[in-house]
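Trainee: Right, I'll just put the structure down here and ask away after.
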Amino acid sequence: MNSFQHSPDAEAIMQINKGVETAIRDADETSVERLASIYTSEGQMLQPHGETLADKDAINSYWRGVLDAGITDANLETIELDFIDDTAIEVGSYLMKKGGAVADIGKYLVVWKKVNGQWKYHRDIWNSNLAT
């Protein structure tokens with residue numbers, strides 16, 4: 001169930017999410033940079049069971065680790081998307097696969113910021129539905 005109205009801003013965010021899925025699927029030499037480029041200069045990843053990643057090098061390393069771990073597919077589904085001026089709050093679910101098998105499934109929250117006309121992840125937090 002999606003509880004948001006489609007608008008040019010919502011469509012822009014959906015396209016960025018599709019870009020994340022594509023970069024993971026491609027897993028090529030440009031994928032890490034494409035994934036890291038979606039964050040604001042003050043962007044943070046609030047990862048489960050780990051420290052907050054708050055700089056470009058740490059975010060690059062995280063995404064390099066995802067691809068090196070063999071994640072081959074990602075599906076992001078936006079459930080809620082609310083806008084307040086130059087900020088958007090997205091709630092969604094994700095599914096990550098390694099080969100054909102489920103590697104992780106869970107939910108996420110992204111605080112987006114519009115920077116120079118472009119939507120970017122400002123805060124990115126997620127957690128798994130799988131038992132640890």
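Trainee: If we keep just the residues of the range 75-117 that are over 19 Å from Gln44 (Cα atoms) and touching a Gly at 6+ places or on another chain (Cβ under 6 Å), which is surrounded by the most Cβ atoms within 10 Å (Cβ to Cβ)?
Mentor: Thr78
Trainee: Just name the residue that is farthest from Ala131 (Cα to Cα) out of those in the range 71-103 that are at pLDDT 95 or above and small (Gly, Ala, Ser).
Mentor: Within the range 71-103, the match that is farthest from Ala131 (Cα to Cα) is Ala88.
Trainee: Which one is most open to solvent (accessible area, probe 1.4 Å), of the residues in the range 118-132 that are aliphatic (A, V, I, L, M) and over 17 Å from Glu90 (Cα atoms)?
Mentor: Per the stated criteria, the residue is Ala131.
Trainee: Mind telling me which of the residues Glu29, Glu42, Glu33 ends up being part of a strand (DSSP E or B), of a type outside the set (Gly, Ala, Ser) and loosely packed, with under 15 Cβ neighbours inside 10 Å?
Mentor: Residue meeting the stated conditions: Glu42.
The values are calculated or read from the model by the stated rules, or taken from the named source; none is laboratory data. This one's a predicted model, so the numbers in the text were calculated from it and none came from an experiment. For neighbour counting, all protein chains shown are included, and Cβ atoms are generated from backbone atoms with ideal geometry for every residue, glycine included. Just so you know, the surface numbers come from the protein's heavy atoms only, side chains and all, with ligands and any DNA or RNA stripped out. Shrake-Rupley method; radii C 1.70, N 1.55, O 1.52, S 1.80 Å.
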